[in-house]
Amino acid sequence: MKTHTQTPFTLLITTTTFIFLAVTSFAVEDDVRCLQGLKTSFQDPSNKLSSWVFTNDSLCKLAGVSCWNEKENRLISLQLPEYSLAGMLPDSLQYCRSLQTLDLSKNSISGSVPKEICTWLPYLVTLDLSGNKFSGEIPVELQNCKFLNNLILSDNGFVGMIPYELGLLDRLKKLDLSNNELSGLVPDDLAKFGVDSFSGNEGLCGSPVKSKCSKMNTDGKKSSDDGEGGSGDRSNWIERLRGYRLVQVSLFQKPLVKIKLNDILVATNNFSQGNVEISTRTGVCYRAMLQDGSVLAVKRLSACKINEKQFRSEMNRLGQLRHPNLVPLLGFCVVEDEKLLVYKHMPNGSLNTLLYGNGNNVDLNWPVRLRIGIGAASGLAWLHHVCEPPYLHQNISSNVVLVDDDLEARIIDFGLARLVGTRDSNNSSFENGRSKDVIDKSIRGKGHDDEILQFLRVACSCVVPRPKERPSMYNVYQSLKSMAEAHGFSEHFEDIAVKYAKQDHHHRD
């Protein structure tokens, strides 16, 4: 009698096939569990989901359900627009992990959007919840939907500020937050989506909605006395900080008085929305007034991708960088996953705020703007060509160019891109149009038009599609600096040593 033995290869194929079938079976079971949960949770007065009968037949035949292919019952799309559905989003959605499209538009679904939605549905490409009755704040956790191309939340009842974290979604092509009850400053990184994405929110301000911000509406919402603004998520991380209130803030220069984390909490009114000064891709910056009357700027860093030892080492390096056109980093504090950076405070805020909010009533005539532009170029050129190793900013915008008491440009966020991740520095959202159309009307026709166009030509050369065709920051700085002579402040800016001019041009912002 012959004995049949399996070769290692045959055994491997058999085992792999079994595992594949088992995994596929579990995945289908999860999809069924997801759809059953939706059908049970939603009120369906029009009986649109009555055809959802869960038998051995393919799930792909159910109304509104699409699968990857005919042979595999894995869900890829769930589209239920105008189904007259009501209720709240159920946690059974977590079992539809393979979904790429979720369209529940034009129903009567209410409640808040679960902050776990991107953990449940990590591969979402399109999320359309428009035309419902959603309320509460837009969850900052939407930044974790890394593949999101389309986010449509219009015609709901969302309140509060637009999370700046949405600007971290590098793949986002369509954003519609119109017709809600949102308020506060539209984040600078979302300005590219235009006015239609934000219309119907009377409390919003900033460049996209062509409305200047005052101190009243930059808060976004009324803050409570404890500074937490009624937000559960905010109170969670603040409570975590309070547990370490005696931790000392690390300062690079020996202070006259030591600063503890509790001093920062008090100085920022528990990181109140009313103390927010700027929001950038790397985090939110708060105004902190200490008991002695001195003012600092404290940034709560976005999710940091390096460990604490590496973070401390990087902070020590950044803390040594000093240049007239950089905001000095004075210190930092680490508590669990929370990382706070302490900067020198710039009383005039960001260039973006001065251009579109003008809260401090600064006269931004052309010579002032030119001086700020040259200063920003000077800081970047120093970071690119003098620092060892060089630092690429990668998040440069009018929101990270701050302005000091003397109306000098001071760049913030330098060196942070490598800590929190950033968009591709070779990409640019700048769109060329007729040069005269982009000139601020308030500075036209005052004898500087030719110089302004010259400045614009330099700016346009920095955002040409091919990075190799862009000038180095050294050349940009030299071009702009030559324009300062006519205004009598060219000697104010330092010359970069000739040896740096001979370096290659690989450092681009």
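The values are calculated or read from the model by the stated rules, or taken from the named source; none is laboratory data. The shown structure was predicted, so the numbers you read here are calculated from the model rather than taken from an experiment. Cβ sites come from the backbone with ideal geometry, for glycine too, and all protein chains shown count toward neighbours.
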Name the residues in segment 101-124 that are among the aliphatic types (A, V, I, L, M) and closer than 17 Å to Val140 by Cα, would you? Val113, Ile117, Leu121, Leu124
Taking segment 64-96 as the search range and keeping residues that are touching a Phe, Trp or Tyr at 6+ places or on another chain (Cβ under 7 Å) and not in a strand (DSSP E or B), which one is surrounded by the most Cβ atoms within 10 Å (Cβ to Cβ)? Leu85
Restricting attention to segment 173-192, and to residues there that are surrounded by fewer than 20 Cβ atoms within 10 Å (Cβ to Cβ) and touching a Leu at 6+ places or on another chain (Cβ under 8 Å), which single residue is farthest from Ser112 (Cα to Cα)? Lys174
Subset of segment 448-484 [without any contact (Cβ under 8 Å) to a residue 40 or more places away in the chain, surrounded by 14 or more Cβ atoms within 10 Å (Cβ to Cβ), in a helix (DSSP H, G or I) and of a type outside the set (A, V, I, L, M, F, W, C)]: Asp449, Gln454, Ser461, Asn475, Gln478, Ser479
Considering only segment 313-347, state which residues are closer than 14 Å to Ala297 by Cα, in a loop (DSSP other than H, G, I, E, B) and modelled with pLDDT of 90 or more. Val327, Pro328, His345, Met346
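Quick one: is Leu124 more than 23 Å from Leu175 (Cβ to Cβ), in contact (Cβ under 8 Å) with a residue 24 or more places away in the chain and touching a Cys at 6+ places or on another chain (Cβ under 7 Å)? Write out each step before concluding.
Working: more than 23 Å from Leu175 (Cβ to Cβ): no; in contact (Cβ under 8 Å) with a residue 24 or more places away in the chain: yes; touching a Cys at 6+ places or on another chain (Cβ under 7 Å): yes.
So Leu124 fails the test.
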Checking Trp120 against (1) surrounded by fewer than 22 Cβ atoms within 10 Å (Cβ to Cβ); (2) under 25 Å from Ser397 (Cβ atoms), the condition it does not meet: (2)
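State yes or no: is Leu370 in the same structural domain as Gln478 (by TED's automatic domain parsing), among the hydrophobic types (A, V, I, L, M, F, W, C), more than 24 Å from the chain's Cα centre (by Cα) and part of a loop (DSSP other than H, G, I, E, B)? Quick ask: steps written out before the conclusion?
On the way: in the same structural domain as Gln478 (by TED's automatic domain parsing): yes; among the hydrophobic types (A, V, I, L, M, F, W, C): yes; more than 24 Å from the chain's Cα centre (by Cα): yes; part of a loop (DSSP other than H, G, I, E, B): no.
So Leu370 fails the test.
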Residues in segment 363-389 that are under 22 Å from Thr280 (Cα atoms) and either of a type in the set (Ser, Thr, Tyr) or at pLDDT below 90 (or both) total 1
So for segment 393-400 (the condition being within 22 Å of the chain's Cα centre (by Cα), surrounded by fewer than 19 Cβ atoms within 10 Å (Cβ to Cβ) and either among the hydroxyl-bearing types (Ser, Thr, Tyr) or more than 30 Å from Ser211 (Cβ to Cβ) (or both)), does at least one residue qualify? yes
Conditions (1) within 24 Å of His492 (Cβ to Cβ); (2) surrounded by fewer than 20 Cβ atoms within 10 Å (Cβ to Cβ); (3) touching a residue at least 40 places away in the same chain (Cβ under 8 Å); (4) not assigned by TED's automatic domain parsing to the domain that holds His487 -> Arg322 fails only (3)
